[in-house]
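The structure appears below as structure tokens.
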Amino acid sequence: RTEAEHARDAARSSQRLLREAQAVAGEQRQEAGEDAARTLLALEKKVASLEGRLMEAEGERDKVLQASRGSEAHEAEWQARATRAETREEEARRAGVAREERAREAEEV
């Protein structure tokens, strides 16, 4: 064989090895891309799950706050009623004292 034939064979062999290397690299890129896509999908599912749990927790918090506000409003209503009752009792007591004083004054005259 001549030196030219050896060079041509070596070039063909190099080209074949280059194509095989490119094919392997392409497969690896595709696998890496598929792995990245699977990882991204898994992360998106996890985020969606966490967002759902957050919404549930916020809903529960809102229910507790609403119940608390309702309880506070109820307590405030009862406190107002008690205050009005105490005021009426005090006014009645004062009126009674005033009547007694007028009655005594009328007896003294």
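So for the chain, taking the charge dipole from beta-carbon charges (+1 Lys/Arg, -1 Asp/Glu), which of His6, Gln22, Met55 sits furthest toward the positive end? Among His6, Gln22, Met55, the one farthest towards the positive end of the dipole of the chain is His6. When the alpha-carbon atoms of segment 22-85 are used, the pair Rg, Dmax equals 27.3, 93 angstrom. Pairwise inverse Cα distances across segment 1-57, averaged and inverted, put the Kirkwood hydrodynamic radius at 15.3 Å. When only the Cβ of Lys, Arg, Asp and Glu is charged (+1, +1, -1, -1), the dipole of the chain relative to its Cα centre reaches about 780 debye. For the chain, the solvent-accessible area of protein heavy atoms averages 90 Å² per residue (probe radius 1.4 Å; ligands and nucleic acids excluded). The alpha carbons of segment 67-109 stretch over 63, 5, 5 Å along the principal axes, in descending order. Extension gain, Ala7-Gln66: 0.36 nm per intervening residue step, less the Cα-Cα distance, totals 12.6 nm.
Nearest 10 degrees is fine. How inclined is helix 3-108 to the longest principal axis of the chain, computing both from alpha carbons? Around 0 degrees separate the two axes. Compared with the alpha-carbon gap, the fully stretched path from Ala76 to Arg104 is longer by 5.9 nm at 0.36 nm per residue. Computed across the chain, the Kirkwood hydrodynamic radius from all distinct Cα-Cα pairs reaches 23.9 Å.
The values are calculated or read from the model by the stated rules, or taken from the named source; none is laboratory data. Nothing here was measured: the structure is a model prediction, and the numbers come from that model. FYI the Cβ positions are ideal-geometry reconstructions off the backbone, even for glycines, and counts take in every protein chain you see. Just the protein is used for accessible areas: all its heavy atoms, side chains included, with ligands, DNA and RNA removed. Shrake-Rupley method; radii C 1.70, N 1.55, O 1.52, S 1.80 Å.
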